[in-house]
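Enquirer: I'd like to ask some things about the structure below.
Just so it is clear, none of the values below were taken in a lab; they were calculated from the coordinates. The model shown is predicted, which means the values in this text are computed figures rather than measured ones. Reconstructed Cβ throughout: ideal geometry from the backbone, glycine too, with neighbour counts over all protein chains shown.
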Amino acid sequence: MPSGYLDAFRDTYPRGDLQQAVTQPGMDPVVKDYLRTLRSDCSKDGVSYCGADAVDLFATGNADALIGYSERLNPILSHAKKTVGTLHVASATLGDGDAPALFTDALVLSPRCSSLQCQSAAQRFATYYVSDAVFEVALMALDAGIGSVPRYLLPSTTSAFEYGLVGGDRLHGQLREEIKKSRPFPTNGVLKAQESGILQQEMKEALGL
């Protein structure tokens, strides 16, 4: 929930301080109003479906759009009625503008890896792990057998978008364009905000969950 709030905050205040957003006592009232608007758009007969996984509804043509992580494209395209050519990817606008905020997982060296041999091995593994070739296997699901649907995860390097089968994939190209002007989440404060539960509760109220 704090991650969704930070994305909405950046859409509302493209030049705002995300660190301040995650450490302030509660949700910004303007951002909350935008989330209430999203609740209205996601509701039917007075019931909010903002927290529902509507992949089946969207894939079968019973919903006009689906908001979610890029990897939701995988189960959507697993439906026979949906093909890459029928889909368009765009950053979800949660405020007055379109300014994505992203986070990435990190590889962390254990303090027990103190020898030069261990550090060298760790460096080689990290280099291999984030190489374009490995990303191609993971993103295009080449390890899952012939005919498998790409996973459509976001790689942590821009070069992976240009490599091999990923570079020729239409939806990966759209994802690349959508995140070009993104900013990273703050490195401090997010975990504390999650633990406090304040932003989570306010987002649930705004979205009617």
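Enquirer: Hey, any hits in region 50-66 for a residue that's out of contact with any helix residue (DSSP H, G or I) (no Cβ under 9 Å at 6 or more places or on another chain), under 18 Å from L6 (Cβ atoms) and in a loop (DSSP other than H, G, I, E, B)? Working first, answer last.
Expert: Taking region 50-66 and keeping what is out of contact with any helix residue (DSSP H, G or I) (no Cβ under 9 Å at 6 or more places or on another chain), we get 52, 54, 57, 60-61.
With the extra rule that they be under 18 Å from L6 (Cβ atoms), the set shrinks to none.
Scanning region 50-66 turns up no residue that is out of contact with any helix residue (DSSP H, G or I) (no Cβ under 9 Å at 6 or more places or on another chain), under 18 Å from L6 (Cβ atoms) and in a loop (DSSP other than H, G, I, E, B).
Enquirer: Report those helices (runs of 4 or more DSSP H) wholly inside region 76-191 carrying at least 1 residues which are within 22 Å of A65 (Cβ to Cβ).
Expert: In region 76-191, the matching helices (runs of 4 or more DSSP H) lie at 170-178.
Enquirer: Which condition does L102 not pass, out of (1) more than 23 Å from E162 (Cβ to Cβ); (2) surrounded by 11 or more Cβ atoms within 10 Å (Cβ to Cβ); (3) among the aliphatic types (A, V, I, L, M), if it passes all the others?
Expert: Here L102 meets the rest and fails (1).
Enquirer: Criterion first (in contact (Cβ under 8 Å) with a residue 24 or more places away in the chain and either at positive phi or in contact with a strand residue (DSSP E or B) (Cβ under 8 Å, 6 or more places away or on another chain) (or both)) does A160 satisfy it?
Expert: The answer is no for A160.
Enquirer: If you go through region 11-35 one residue at a time, how many are buried (at least 19 other Cβ atoms within 10 Å of the Cβ) and closer than 19 Å to L191 by Cβ?
Expert: Count: 4.
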